[in-house]
Amino acid sequence: MPDAANPASSSPVEQPDALRARTWRRHVVRTAWALLAVGAGSMGLVGASEVQRQLARNALQSEMLDAHNAARRDVGFPPLVWSNRLEANAAAYAAIMARSRRFAHSGNLDGAPPQGENLWMGTRGAYSYADMAEAWVEERQFYDGGSIDDAFAAGNFGDIGHYTQIIWRRTTHVGCAISTGSEDDYLVCRYMPAGNVLGGSPGD
């Protein structure tokens with residue numbers, strides 16, 4: 001159940017050969033990392049729960065970056081870079097929502113610069129990371145290319161706000177985290193600089 005998101009030069013479209021090579025490298029890195037983590041766990045170098053946590057974190061980072069940057073590539077905008085700081089902030093707030101079972105945007109997004117935020121909530125264990133991200137990206141079907149002010153005036157910002165934050169050209173970094181409550185999973189992604197700026201449009 002997604003919630004509405006809070007109110008930089010074009011890059012060339014990646015060629016098929018380059019995309020296949022990048023996908024293969026990512027697959028090799030993921031596989032090697034997973035084997036190393038499992039081996040370390042079996043030798044007692046780290047606990048099994050820590051291995052699982054690291055594998056989940058690695059998978060979440062990969063899936064979120066893939067989904068975000070594919071959406072940005074489709075509109076000719078530069079890719080986002082993962083931020084450990086934003087990930088930590090997202091993790092802290094996801095844990096708050098999981099404990100309180102209150103699904104709402106954080107009231108503490110101020111900063112220098114302020115962060116943007118996308119939220120998602122769904123039945124515990126029922127959705128993949130790709131499903132979660134796709135719920136946001138699918139909002140592109142409702143976005144007509146106008147400004148954020150236009151969306152508010154039309155009353156449809158809630159239908160497009162996650163997507164416009166994802167593709168906001170001036171946003172450069174993202175970090176995401178998930179926390180699981182008794183019944184639901186809570187996903188938080190944080191962005192810098194924040195998108196969905198009043199008076200602006202994603203391509204500004």
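Across region 77-204, Cα-Cα distances exceeding 20 Å account for 44% of all pairs. Charge tally for ARG140 (other residues, Cβ to Cβ under 14 Å; Lys, Arg +1; Asp, Glu -1): -4.
Its Cα gyration tensor gives region 127-199 an equivalent ellipsoid; the semi-axes, largest first and in whole Å, are 24, 15, 11. With a Förster radius of 25 Å applied to the C-beta separation of VAL81 and GLN52, the computed FRET efficiency comes to 0.45.
Within region 56-107, the proportion of C-alpha pairs whose separation exceeds 18 Å stands at 47%.
Between ASP204 and ASP144, full extension at 0.36 nm per residue minus the direct alpha carbon distance yields a gain of 20.1 nm. A crude spin-label estimate for the pair LEU109 and GLU183, with each label 7 Å from Cα along the Cβ direction, gives 2.6 nm.
What's the carbon and sulfur percent of region 45-204's accessible surface, probe 1.4 angstrom, rounded to a whole number? Percent of accessible area from carbon and sulfur atoms in region 45-204: 50. Spacing of the modelled spin labels on SER128 and ALA154, each 7 Å from Cα toward Cβ, amounts to 3.1 nm.
The values are calculated or read from the model by the stated rules, or taken from the named source; none is laboratory data. All figures in this text were calculated on a predicted structure; none of them were measured in a lab. Please note: Cβ atoms are built from the backbone with ideal geometry, for glycine as well, and neighbour counts cover all protein chains shown. Heavy atoms of the whole protein, side chains included, go into the accessibility calculation; ligands, DNA and RNA do not. Shrake-Rupley method; radii C 1.70, N 1.55, O 1.52, S 1.80 Å.
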